[in-house]
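What follows is a set of notes on a single structure, which appears directly below.
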Amino acid sequence: MPNIASAKKRVRTAKKRTEINHARKGRVRTFARKVEEAIAAGDKAAAAAALKAAEPEIMRGVTKGILHKNTGARKVSRLAHRVAALAGR
């Protein structure tokens, strides 16, 4: 345990930030999972709507530092390709 006041504050701050980051990452995963489920169900309209909702959420994770910029772009790109392939069937 830290003894110095600033170190104690850093522990408190890190704990708060960790909780916020976990919540944000879970939110990104939830939105991505909704797209995956719509694709698996074969529902084109639902998949497109879910992708439209997931893309800004994933990119918000990038701006907040939860995901790396390229990781966010890759996730969006892969989901978009799968939705497009579903629409092409």
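The values are calculated or read from the model by the stated rules, or taken from the named source; none is laboratory data. What you are looking at is a predicted structure, and each value in this text was computed from that prediction instead of being measured. Positions of Cβ are backbone-derived with ideal geometry, glycine not excepted, and every protein chain shown enters the neighbour counts.
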Of the residues that sit in the stretch 43-83 and are of a type in the set (Val, Ile, Thr) and more than 9 Å from the chain's Cα centre (by Cα), which one is surrounded by the fewest Cβ atoms within 10 Å (Cβ to Cβ)?
-> 63
What are the residues in the stretch 30-42 that are among the basic types (Lys, Arg) and surrounded by 14 or more Cβ atoms within 10 Å (Cβ to Cβ), if any?
-> 34
So residue 40, is it at negative phi and in contact with a helix residue (DSSP H, G or I) (Cβ under 7 Å, 6 or more places away or on another chain) = no
What are the pairs, 6+ residues apart or on separate chains, where a residue within the stretch 1-27 that is at pLDDT 95 or above has its Cβ under 8 Å from a residue that is assigned to a helix (DSSP H, G or I) and surrounded by 11 or more Cβ atoms within 10 Å (Cβ to Cβ)?
-> 24/60; 24/61; 25/61; 27/57; 27/61
